[in-house]
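Novice: Before anything else, here's the structure in question.
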Amino acid sequence: MADVKIIEDGAAIALDMGGAVSRYHAVWLRDNAWDEQTRAAGNGQRLITLSDIPEDIAIQHASVEGDRLKVTFAPNEEQIDYDLNWIVAHCYDLPQLSEKGWVGDEILVWDSAWQGQVPVADFSQVTQDKEALATWLDGIVQFGFGKLTGGPVEEGALFQVADLFGYVRETNYGRHFEVRTEVHPSNLAFTGLGLQAHTDNPYRDPVPTVQILYCLENSAEGGENMVVDGFACAQRLQREDPRGFHLLSSYCARFEFAGEDGVCLRSRRPMIELAPDGALVGVRFNNRSAAAITDVPYGDMAAYYAAYRRLGKIIDDPEMEITFKLEPGECFVVDNTRVLHARKGYSGSGSRWLQGCYADMDGLRSTHAALVQEIIRAAE
Ligand code: FE2
């Protein structure tokens, strides 16, 4: 017979499943609600960000009725009803077993002050001139991001961009995907909603390491793109909150996408990934596809969430972002292991049509390095 008690002045509950007692924090429970306001009915993706949850969230009332856990949260008196089996299956109150964050010289960590200095090249130049291509790729290796202007305004032009440095990585979304408003979206990326800065597909392992977004139409109001350097955000978190950095780099988060038939992608990786020697090697951040975090022990979960919230606030800080609007025939290439991208909301008037595809950063680095060698050899 299950029983539940409010503990720690409402900060958590203790759920007794007939002798086995597990504790759950208010913020964890609220973040993992499955009601229609929190999760999209069609695809199960989370509709809220952590900033939609009050920092002083607490549990006002909790009861078990059959196989349901019913919780009322202060301060907004929200009532949320949980499947008790799901809660028990996602228990994190388990026994606890017991100079990082550097980047290599080839990496240039940036913020909004670098707005005018991002790598931009002309499409026809990089397709005809190897030195121009090498310079542009060098910029992408450094910045994790680059823009191309003056390309053809035709469907599939993004494949010509991928051909410049590598190969398209095909996924369940296809060889490429269309980014425009759809009536019944399988993914929130295909609606006119603004999207919080994120890395794509953290539920894959490995993630697609390059994304290309190519603009074919953009007359809609809004819809600007933003990019944020995840390495800059991680290093800022480390400076401002070393313990938060430690938590987000020491414990795995979980990501999941099962928004279409026959697809059930899951991964278990840290939000801030360090190599064993402490090098910063990756950032995964995506509120829509974050699954229940169950690899953080109870004793660290509240601090983990505080660090997660703090990293989100850093990512949302306009001082960290570079903003631009793509014109038809323009595209951007982003290192998806490092740089987050976002889009402001756009209205139904006018049209916005982008085509996107994935490729790989190792191929880009390889093409870059080979070109540099070729240019050096030619000069000798
Ligand atoms: Fe995206």
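The values are calculated or read from the model by the stated rules, or taken from the named source; none is laboratory data. These numbers were taken from a predicted model, which means no experiment stands behind them. Ideal geometry is used to build each Cβ from the backbone, glycine not excepted, and the neighbour counts take in all protein chains shown. With ligands, DNA and RNA removed, areas are computed over all heavy atoms of the protein, side chains included. Shrake-Rupley method; radii C 1.70, N 1.55, O 1.52, S 1.80 Å.
Novice: Note down the net charge around SER250, summing +1 for each Lys or Arg and -1 for each Asp or Glu among other residues with Cβ under 14 Å from its Cβ.
Specialist: Net local charge, SER250 excluded: 0.
Novice: Accessible area per residue of the chain at 1.4 Å probe, in Å²?
Specialist: On a per-residue basis, the chain sits at 44 Å².
Novice: Once phi is turned into θ = phi - 60°, what whole-Hz ³J(HN,Hα) does the Karplus curve with 6.51, -1.76 and 1.60 give for every residue of the range 31-38, x standing for Gly and Pro?
Specialist: In residue order, the calculated couplings are 5, 9, 5, 10, 6, 5, 6, 9 Hz.
Novice: Right, something else. Can you sort CYS252, CYS233 by 1.4 Å-probe accessible area, starting with the largest?
Specialist: Listed by decreasing accessible area, they come as CYS252, CYS233.
Novice: Given the pairs LYS100/LYS147; LYS147/LYS344; LYS147/LYS325, which span a C-alpha to C-alpha distance of over 22 angstrom in this model?
Specialist: Pairs exceeding 22 Å: LYS100/LYS147.
Novice: Separate question: Within the range 112-180, report the trypsin sites (Lys or Arg not before Pro) that DSSP leaves as loop and that have at most 15 other Cβ atoms within 10 Å.
Specialist: ARG175
Novice: Calculate the spin-label point distance for ARG243 paired with TRP34, positioning each point 7 Å from the Cα along the beta-carbon direction, and give it in nanometres.
Specialist: In this crude spin-label approximation the distance works out to 3.4 nm.
Novice: Leaving out same-chain residues fewer than 8 places away, which lysines sit with a Cα under 23 Å from that of LYS70?
Specialist: Leaving aside lysines fewer than 8 places away in the same chain, those within reach of LYS70 are LYS5.
Novice: Between the range 115-161 and the range 215-284, how far is it from one alpha carbon centroid to the other, in angstrom?
Specialist: 24 Å
Novice: What does the helix-only formula give at 222 nm for the chain: each DSSP H stretch with n ≥ 4 adding -39500 (n - 2.57), the total divided by the residues, and the result rounded to the nearest 500 deg cm²/dmol?
Specialist: Dividing the helical sum by the residues of the chain leaves -8000 deg cm²/dmol.
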